[in-house]
Amino acid sequence: MFKRSCSLVNKFIITLGLILVAGCSQDSNPLKAKETDHDHAEAAGFQILNGSDLVVKYEQGVVTGALTLQANQTSPVYNILFIAEDGDLFTPAGDAHTFAWEIANTTIAAMIYAAADGKWQFKLQGVSTGVTTITFKINHNDHADFVGLPVTINVANTVPGNY
Amino acid sequence: MIKSILKRMAIPLTGIAIILYLIPAVTHAATSVPAGNIATATLQGQVSDAESAETIGFVNILVEEANRSITCDENGAFCLSGLSAGEFTVKTFRIGYQSVVKRVILQANNTTRIVLTLPKAPLLSPDIIVEADRAGSTSSIIKPALLISDRKLYQNLGKTIAETIDYEPGISQRTMGPAPARPVLRGLDGDRLPVLEDGQIIGDLSATSADHAVVIEPVTAERIEIIRGPQALVYGSNTLGGVVNVARHSIPNSRAEHRSGSFTLQNETVNRGLVAGGDFIVPLGVFTGRVDASIRRAYDINTPAGALPNTGIATINGSAGIGLVKSWGNAGVAAGAFDSAYGIPPDPNGGHPRGVDIVMERQHLESRLEVSTDNRFIQRLELRQSYTSYYHEELEANGNLGMNFGVVTQTGAVRLYLQNRGVFKNGLIGMNGQYRDFASGGLSFTPAARELLYAIYYYREAEWRNVQFSGALRYDRKIITPEEEKYSRNTGFIRKRSFDGYAASASIHYLPMRSIIISATVLRTFRAPGVEELFSEGPHLAAYSYDIGNADLQAETGVGMEVSTEYSKDRNKLRITLFRNHIDNYLLPVNTGEKSWRRADLYVYKYLGVTALMQGIEASADIHIYHNFYTSWSLGYVYGDFIYLKKPLPRIPPLEGKLGLHYTLTNFILGCTVNIADEQNRLGEFEKRTAGYAIPSLYLQYYFSTGSLLNTVTITCSNFTNTEYRQHLNRVKEVMPEPGRNFKILYKVFL
């Protein structure tokens, strides 16, 4: 009986060992079987530029500046550059990253964007006088890699200064 | 090269290994000659009604120390063979009847016959009647476990394990919508209150975040046990809150003498929910087979303030197992799968106005071998193994992936059950090994990592006259290795970490007289941080947070104390418990109040370790008022503080309780209960106050036999006044209150 018990225990341990070896592999993780793209845009802020002039900056959780428009007028072309954790400016590379936004009240301002004109460029249209906000995002395939704090858009009948 | 071949052939290899394991076992078992066998004992018996003397069918008989159970036939007869000789505790479970505990002494090569007489059970609590054993000792009732089965299980059966046991004193549930609910005991949750299935780790992520559901479907559970004190250390070193074990017996460990099973159907109106499930046990020659399956569907939940959007659930799960029981012991294997999809309601701070969907799947394979011995010191040897593969995705309302997780968990355990010697009983020495492969994806900066855990433990009971003592010691070592070592501005230096620690517990129970038990327990626990607490970084959409780990966290150690007094006489029972849990380096994610730079729509939650104290009181009573009328009540209160900061701990439930009035008549029980809670204004940072409430419910239970079938019907109307109320531990309480009026009908038939 003792020998039979040992034989059964030995068979169990061998079986257990086979299962453990088969299971202890990176490929056995169900996520790794699905995951293909780990390249995230590691933005922690952004700058919005009108030519070489800095209009709005979002860095270390603080927004400075605002976007100012005239009603029924189109803004100049803005460029958006992202700020990495180490402070470097960059635009996300590759086709997997796309520019996205959300305007809180589209009866005040609207986005004019065409990727063909420049993937990280945009214009705004003043629709009616008022104040609203716009939130800029970087989308990566099917999720958002970056969501910034809302930036204020002021739309007035007249705007001081020249475009 | 060999390893790469094995990787590709993992599944077929596992199947071949199982066949290789079973064929010789069958050959030995089927052809071996009884001579020279281990001397085993057989327990036979008959169950009858204490008042009418009629036989009672479909009673579940549990031989506790052997962890063997069987359901008697429709005539109340049962037979359990292949048991070791010795002294055992036999317990019964049957709806409509009180559980009976009887001590029996089994002799080798002998059949012991017993007659169990069960009184009717009108009371809410799982009454346990102790029958004096042959030696006259009555100490066998002293087990630090709370059992939820039969009538109570069917009455409270919910969508989750947490909802099902929420009505016990000291137990609350952490929720984030109806699906991702997890039990909280005395303010302790997560890893400090592991949820197991058949004593095994389930390998999900429910302990790490409020939006992650437990991958156990309660409808096919046989019973739910809450184990505390020294016994809990057998399952882990971090069990300061205890262990919740869902017993399903996926691997049959008793030979079925006849076909049996059950089927359950439940409908509830509050979310147009429907669940169907069943299990079936069949003798297959020398083997016993068991299968179970269930399917659940529910839509958005209704509250007095309107429907809570995106709270539907769809779940399907099943398992199959086969066991062999012979004179040398038993062996078996089981496999199962669980698939679920559920919704998380919209973010109250507007980050996800249409909520988040979670899709999860789990597959598992487990095996067990138990061998009896005739050794002087060792009664039997048990080997267990489990393999679990878990995956879940968190999807935004437009279908975009937020995060996904993959976890592979492998465990192996060896236990030596010790012979009873003199005053020492029910001892065991065990060793566990666990391997865990964790990975996250989508927008996640949490590195993949592997965990290795080794543990060795010892448990023993001793009994002398009217005093029972139990104690346990445990040592754990945990090693966490990230895929890549690197420095992170937020998390710190991500590197290999290792943790060592010990846990210990002792309990003493004193019976100054038959109707009174005085108990005291002390417990020292050790909990190493996990991958998520150390290295996580990234948005967690479904939890409305941006999680940041702390690579420098140290292990958590807790010291718990508990004293209780229980009085029981005739059909009356009263129990009072005082407890105190002091935790050094209590690890928890703290809302910093700041928005993430990367995801400014989410608040940053950072893991910290602080010194915490949780203390409180629990009380419960069941009282026979008059004829067939009974009353029950329970109360639980936890006072939680950050000791040195002199601030309240977050997510601590308020004073909660339950009052009940019950009427029983033959096979019929009617009752009214009121769940009460005080306001919670002891709040953590950024927590909101919750008002108190009193929620009445009605229930009716009826059981009847038709031919060889036992049928039970439970009708419940919870919150029948449709009162609007909020639970303090509900993460979405700001969005919507708790469910409104709900009619539930449960039908269960035993075959």
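The values are calculated or read from the model by the stated rules, or taken from the named source; none is laboratory data. Note that the coordinates shown come from a computational prediction; the quantities given were computed from them, not determined experimentally. Note: ideal-geometry Cβ built from the backbone for every residue, glycine included; neighbour counts use all protein chains shown.
Surrounded by fewer than 21 Cβ atoms within 10 Å (Cβ to Cβ) and either within 14 Å of chain A (Cβ to nearest Cβ) or without any contact (Cβ under 8 Å) to a residue 40 or more places away in the chain (or both): does that describe residue B:372? When the stated conditions are applied, residue B:372 does not pass them. A single entry from B:579, B:535 fulfils the requirement of being under 26 Å from residue B:232 (Cα atoms) and either crowded, with 22+ Cβ neighbours inside 10 Å or at pLDDT 90 or above (or both): B:579. Those strands (runs of 3 or more DSSP E) of the stretch B:145-240 in which 3 or more residues are farther than 29 Å from residue B:280 by Cβ occupy B:171-174, B:182-185. Would you say residue B:388 is more than 9 Å from chain A (Cβ to nearest Cβ), assigned to a strand (DSSP E or B) and crowded, with 23+ Cβ neighbours inside 10 Å? For residue B:388, the condition - more than 9 Å from chain A (Cβ to nearest Cβ), assigned to a strand (DSSP E or B) and crowded, with 23+ Cβ neighbours inside 10 Å - is met.
Of all the listed residues (B:455, B:397), the sole one being away from chain A (no Cβ under 11 Å) and either of a type in the set (Asp, Glu) or within 22 Å of residue B:482 (Cα to Cα) (or both) is B:455. Please report, ordered by residue number, the strands (runs of 3 or more DSSP E) entirely within the stretch B:259-366 with at least 1 residues that are polar (S, T, N, Q) and crowded, with 16+ Cβ neighbours inside 10 Å. Of the strands (runs of 3 or more DSSP E) lying wholly inside the stretch B:259-366, those with at least 1 residues that are polar (S, T, N, Q) and crowded, with 16+ Cβ neighbours inside 10 Å span B:260-268, B:287-298, B:301-303, B:313-326, B:329-344.
Counting residues in the stretch B:489-498 that are within 29 Å of the chain's Cα centre (by Cα), part of a strand (DSSP E or B) and assigned by TED's automatic domain parsing to the domain that holds residue B:202 gives one or more.
If only residues of the stretch A:70-128 that are among the hydroxyl-bearing types (Ser, Thr, Tyr) and in a loop (DSSP other than H, G, I, E, B) are counted, the one that is nearest to residue A:152 (Cα to Cα) is A:106. Scan the stretch B:614-638 for residues that are surrounded by fewer than 22 Cβ atoms within 10 Å (Cβ to Cβ), in contact with a Phe, Trp or Tyr (Cβ under 8 Å, 6 or more places away or on another chain) and farther than 13 Å from residue B:657 by Cβ and the total you get is 5. Screening the candidates B:632, B:568 for the property of being away from every other protein chain (no Cβ under 14 Å), of a type in the set (Ser, Thr, Tyr) and either outside any strand (DSSP E or B) or closer than 21 Å to residue B:186 by Cβ (or both) yields one hit, B:632.
Flag: residue B:379 does not match the condition of being of a type outside the set (Phe, Trp, Tyr), without any contact (Cβ under 8 Å) to a residue 40 or more places away in the chain and assigned by TED's automatic domain parsing to the domain that holds residue B:733.
Residue B:452 - would you say it is under 23 Å from residue B:563 (Cα atoms), at pLDDT 95 or above and of a type in the set (A, V, I, L, M, F, W, C)? No, not satisfied.
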